[in-house]
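Let me begin by presenting the structure, written as structure tokens, before commenting on it.
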Amino acid sequence: MVKQSNRQWNRWLSTTLLVTGMSAAGVAAAESLTFAHVYETSEPYHEWALWAADEIEARTDGRYTIEVHPASSLGKEADINEGLGLGTVDLIYTGNQFAGRFYGPIGIAGAPYMFRDFDHWQTYADSDLFQEIAQGYQDETGNVPLAMNYYGRRHTTSNKPINEPADMQGLKIRVPNAPMYMMFPEAVGANPTPIAFAEVYLALQQGVVEAQENPLPTIRAKAFHEVQDYINLTGHITDSLITIAGGPLWNRLSEEDREIFREVYQEAGEKITQDIQQQEQDLVAWFEEQGTTVNEVDTGPFREAVMPHHNGEAATWDQETYDRLQALGQ
């Protein structure tokens, strides 16, 4: 009886150790990744980044978990771009203009009045041209663009109405700290002032700058309408964010997992785009209810002021790339 009991005990102990060991191995196999961005938790970018994290964990059978860090909590946009190559962050959203610091042609999608309208932008996002440019960026940096996400048409907020380029003469306007954002204000004689995204509200409140520019959903999310009287619908950039995976992450993913990451973030990008389009439709009335003046603007003179700069000294793309982009959807 004693021997029988001992055998049963040993069998139970062996089974328990095996199961525990397998569980521990399973836990060890799950890799925790970091997704960083500079947007608020109330915005679609964050919501769909969380959704994507859950989807990737499910579709990879728990091999990867993703912690999403919003609102510049891991650094300014320039910092998280640097972090991709260093492996300190694994995935980010970033503007075309910031990506353009590392590979010039990709910045073309962030230039003012580069796109005629949303449909032109969408055609570009789905085009072979974008795929070629994204491959060039990957070859240059090792980092991999996974998806395009519509960010909205950027408009100018201020404490005075802006109806024509002359109204922006000398205006101290906050822009993101990437060269391509300078093109529009410089073309109309304004004074572009780079300030980190997280610091813009206070800079407007304290009068460090007189104006800023962002899409309507971002203006609401960051409450810029609380410290600016006018939203002037200049629509000067049809903007987007790129979801990018860092090279160190991409290099250790299997082909199967690469496809999962790409599919999930492209699906998230489609949802983001739909949400931002809907918000753009709804927000004019909402801002007016809050007491902010939404000023309709004839964008023709602004566009005419900018167009000569498209292939000027600030351009980081060649004429052929520009011509191919302009021909899309024609």
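Here the stretch 203-292 is treated as an ellipsoid with the same Cα gyration tensor; its semi-axes, largest first and in whole Å, are 36, 17, 10.
Modelled spin labels at Thr299 and Thr41, positioned 7 Å past Cα toward Cβ, are 3.4 nm from each other. For the stretch 166-180, 3J(HN,Hα) computed residue by residue from phi via the Karplus equation (6.51, -1.76, 1.60; θ = phi - 60°) reads 4, 5, 9, 4, x, 5, 7, 10, 6, 9, x, 7, 9, x, 5 Hz, glycine and proline entered as x. Taking amide hydrogens as placed 1.01 Å from N in the peptide plane, the amide H of Tyr64 sits under 5 Å from those of Glu31, each at least 5 positions away in sequence or on another chain. Could you please report the charge total around Gly312, scoring K, R as +1 and D, E as -1 over all other residues with beta-carbon less than 14 angstrom from its beta-carbon? With Lys, Arg at +1 and Asp, Glu at -1, the net is -3. Given their separation in residues at 0.36 nm each and the Cα-Cα distance between them, Lys160 and Val284 gain 42.9 nm when the chain is fully extended.
FRET efficiency for the pair Ala314 and Asn191, taken as 1/(1 + (r/R0)^6) with r the Cβ-Cβ distance and R0 = 22 Å, rounds to 0.85.
Placing pseudo-labels 7 Å out from each Cα toward the beta carbon at Gln206 and Glu267 gives an inter-label distance of 4.5 nm. Simple spin-label estimate for Ala78 and Ser254 gives 4.1 nm between the two label positions (7 Å along the Cα-to-Cβ direction from each Cα). Put simply, the amide H of Asn295, placed in the peptide plane, has neighbours under 5 Å in Ile231, Asn232, Leu233, leaving out anything fewer than 5 places away on its chain. Between the stretch 138-195 and the stretch 249-295, what is the separation of their alpha carbon centroids in Å? The stretch 138-195 and the stretch 249-295 have Cα centres separated by 20 Å. Amide H to amide H, with H built 1.01 Å from N, Arg153 comes under 5 Å of Leu216, Asp239, counting only residues 5 or more places away or on other chains. When peptides 281-292, 173-184, 39-50 are sorted by average Cβ neighbour count within 10 Å, with the highest value leading, the order is 173-184, 39-50, 281-292. Taking a point 7 Å from the Cα of Asp229 along the Cα-to-Cβ direction, the residues of the stretch 265-290 with backbone N closer than 20 Å to it are 287-290. Peptides 267-275, 159-167, 67-75 ordered by packing proxy, namely the average of other Cβ atoms within 10 Å per residue, highest first: 267-275, 67-75, 159-167. At q = 0.11, 0.12, 0.16 Å⁻¹, what log₁₀ I(q)/I(0) does the chain have when each alpha carbon counts as one equal point scatterer in the Debye sum? Normalising to I(0) and taking log10 leaves -0.71, -0.83, -1.39.
Here's the picture: a label point sits 7 Å out from the Cα of Ala30 along the beta-carbon direction, and within the stretch 47-85 the residues with their amide nitrogen under 19 Å of it are 50-69.
Derived scalar couplings between HN and Hα for the stretch 213-230 equal 9, 6, x, 4, x, 6, 4, 5, 4, 8, 6, 5, 5, 6, 10, 9, 8, 10 Hz in order, rounded to whole Hz, by the Karplus curve 6.51 cos²θ - 1.76 cosθ + 1.60 (θ = phi - 60°), x for Gly and Pro.
Taking Cα atoms of the stretch 99-161, Rg/Rh with Kirkwood Rh, to two decimals?
Rounded to two decimals, Rg/Rh equals 1.05.
A short reminder: the numbers here are calculations on the coordinates, not readings from a lab. Since we're looking at a predicted model, the values are computed, not measured. Cβ coordinates were reconstructed from backbone atoms using ideal geometry, including for glycine residues, and neighbour counts include every protein chain displayed.
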